Amino acid sequence: MPAIMPWVIGNWKMNPETPTAQQQLTQQLIDHIAEHLASGAALVNLNLAVAPTLLHLLTVQQQLQQAKSAVQVIAQDVSRFAGTGAYTGDVSAQLLANAGIGMTLIGHSERRSLYGEDATVLREKLQAAINAGLKVVFCVGETLTEREAGQAEQVVLQQLDEVFDCIDLQHWQQNLMVAYEPVWAIGTGKTASPQDAESMHAAIRAGLKNYHSSLVDLPILYGGSVKPDNAASLAACANINGALVGGASLDADSFIKIARAFSQDRKAG
Ligand code: PGA
């Protein structure tokens with residue numbers, strides 16, 4: 001299996017509170033990366049991205065671009081409806097793409113549980129995103145009850161299965177990533193042990209390979225209370241190709257420490 005370039009993505013969710021705080025967080029990110037580069041500890045062989053609120057996608061992107069930062073800006077969610085039209089409150093994949101946003105999360109557990117997004121909705125969102133040329137981080141994960149009932153793997157593979165055939169294989173190969181986020185680990189301070197996470201990631205990879213051998217190379221990110229002190233042990237797992245970071249991404253220093261753990265240059269720095 002060729003080396004998969006890791007992704008570390010900060011999911012800012014509905015944070016921070018003011019435009020000034022968004023700007024400061026973005027600036028801190030730029031400064032911390034510059035400090036790392038200045039100290040010779042480059043963040044190499046790594047894709048970095050942040051997902052600010054819809055309200056701030058473009059200002060954060062502009063700020064990063066002005067600083068010539070390689071950090072990409074991605075959306076936290078996308079409308080199930082395509083194009084333009086009478087969909088109050090929504091932003092379509094086409095609008096995102098036209099504004100220069102190239103990627104979105106879909107299926108985050110908060111969208112599934114708080115907004116009732118089921119397989120039908122997620123299939124529509126995936127199709128809308130792919131048709132508009134966006135790349136997608138598709139999130140899966142089991143609840144604590146499902147894990148305790150011994151159903152974690154079955155639930156996660158089912159979440160992939162229920163959307164798999166809604167887009168072409170070629171798009172899975174080129175435009176999809178999977179993020180495994182056990183629901184019980186999100187925002188709770190509880191992380192899956194590296195062994196549990198690795199075993200789920202291996203199961204997801206085997207599941208993808210079953211669909212088609214070429215899908216063995218899809219990046220599979222872990223999310224759920226990733227912090228600087230647990231990032232290295234997660235990064236050391238063969239099937240974990242990055243992290244989707246919530247709470248810790250609101251602190252630029254923590255976020256860059258996590259990124260550093262996944263950087264393939266980390267031993268040199
Ligand atoms: P957390 O969130 O890192 O705060 O647990 C992860 C996520 O929901 O993407």
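Distances between every pair of Cα atoms in segment 113-269, grouped in 10 Å steps from 0 to the bin holding the largest one, split as 11, 39, 36, 14, 1 percent. Ignoring ligands, DNA and RNA, please state the percent of accessible area on the chain from carbon and sulfur, probe 1.4 Å. Ligands and nucleic acids excluded, carbon and sulfur reach 50 percent. Directionally averaged projected area (the chain, Cα convex hull): 13.6 nm². Classify segment 9-110 from the C-alpha gyration tensor, please: rounded if a/c falls under 1.5, else prolate or oblate depending on whether a/b exceeds b/c. Judged from the Cα gyration tensor, segment 9-110 comes out prolate (a/c at least 1.5, a/b above b/c). In this rough spin-label picture, where each label sits 7 Å from Cα along the Cβ direction, the SER213-GLU148 distance is 4.3 nm. In the context of the full set of protein chains, the chain has a per residue accessible area of 45 Å² (1.4 Å probe). Name the long-range amide H neighbours of HIS108: under 5 Å, sequence gap of 5 or more, or other chain; modelled H, no Pro or chain starts. Hits under the 5 Å cutoff: CYS139.
Evaluating 6.51 cos²θ - 1.76 cosθ + 1.60 at θ = phi - 60° for every residue in segment 25-34, the Karplus couplings come out as 4, 5, 5, 4, 4, 4, 5, 5, 5, 4 Hz, glycine and proline recorded as x. Rounded to the nearest Hz, the phi-derived 3J(HN,Hα) couplings of segment 100-116 under the Karplus curve 6.51 cos²θ - 1.76 cosθ + 1.60 (θ = phi - 60°) are x, 9, x, 8, 9, 7, 9, x, 4, 4, 5, 5, 5, 8, 7, 10, x, where x marks glycine and proline.
The values are calculated or read from the model by the stated rules, or taken from the named source; none is laboratory data. For clarity, every value in this text was computed on a predicted model and none was experimentally measured. Reconstructed Cβ throughout: ideal geometry from the backbone, glycine too, with neighbour counts over all protein chains shown. These accessible areas exclude ligands, DNA and RNA; they are computed on the full protein's heavy atoms, side chains included. Shrake-Rupley method; radii C 1.70, N 1.55, O 1.52, S 1.80 Å.
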